[in-house]
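Novice: Pasting a structure below so you can have a look.
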Amino acid sequence: MENALEQAPAFAIVNGAPFNQLPEDLYIPPDALEVFLELFEGPLDLLLYLIKRQNLDIVNIPVAEITQQYIDYIQFMGLLNIELAAEYLVMAALLAEIKSRMLLPRRPDAEEEEDDPRATLIRRLQEYECIRNAADELDQLPRLEREVFVTEVDSSALAIEQHFPDLELKELLLAFQDVLKRVDQLSHHQITKEALSVRERMATILAKLEGENSLLFSQLFIRKEGRHGVVVSFLAILELSKERLIDIIQPEPFAQIRVSAASSAQVETETEHD
């Protein structure tokens, strides 16, 4: 059972690291997710979709039925608060005009071979269908050596030494402020008194860092304890840094702050100098 859980695929990969559990402070707004089942690139694309969905012949469009479905779709988009381009409304007006012209009776003295009011629209639909089919065929072509090119670089002779930028106290305080904001999202109005010790928290943090290359600054906090617990953890981190038992680093400018345990050799050297 444990092996099955360990081999479960990660639901996300961030900066190359797999995530198998959702963060405790994950907050998703109610309107954050919107799903669109059909995407249309313009009014002709929507019109062609309505025609093809019913297996209708382009040259013999039932204008009344298609016009009603087109207007229903536009009204539905309006209910979802989706902004519609003006060209969709222009096409709706054109369909309404064609529908009205076909409903009007012809005068007896009119020419027998009067142009079909649908002719221009049918021609535009046929041209658009040809272009879209050609685009679909191009999209099926292999992208390798067309958009993506394979190259190889020998990096064995490169000696790269990474220099971490100096971490200012301002950056550390901003990271701490972000942790406080996340804690507030999960905070409840409960008045409790817990005995929290900075020294005990220092030991807990060192235990977390044991065997780890480094951890994110935010991973060293227990958010369920609320603001009081977060402050105690922050004081413990500052005290560990003051005693040079941990290193607080920022791999590159604007990157997330990480914390690692100071190497034993470094600690011994610094102790001798002290």
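Coordinate-derived values only; no laboratory data. Small disclaimer: the values here were computed from a predicted structure and weren't measured. With ideal geometry, Cβ positions are generated from the backbone for all residues, glycine too; neighbour counts draw on all protein chains shown.
Novice: Highest mean first, what order results for 116-128, 53-65, 136-148 on Cβ atoms within 10 Å?
Specialist: Per-residue Cβ counts within 10 Å, averaged per peptide and sorted highest first, yield 116-128, 53-65, 136-148.
Novice: Rg over Rh of the range 209-259, using C-alpha atoms and the Kirkwood radius, what does it come to?
Specialist: My calculation puts Rg/Rh at 0.98.
Novice: Sticking with the crude label model, points 7 Å out along Cα→Cβ, report the distance from D45 to D166 in nm, one decimal please.
Specialist: Placing both labels 7 Å beyond Cα along the Cβ direction yields 5.3 nm.
Novice: What net charge do the residues around P43 carry, taking every other residue with its C-beta under 13 Å from that of P43, with Lys and Arg at +1 and Asp and Glu at -1?
Specialist: -2
Novice: Based on the Cβ-Cβ distance of L104 and Q75, what FRET efficiency does E = 1/(1 + (r/R0)^6) give at R0 = 30 Å, to the nearest 0.05?
Specialist: 0.75
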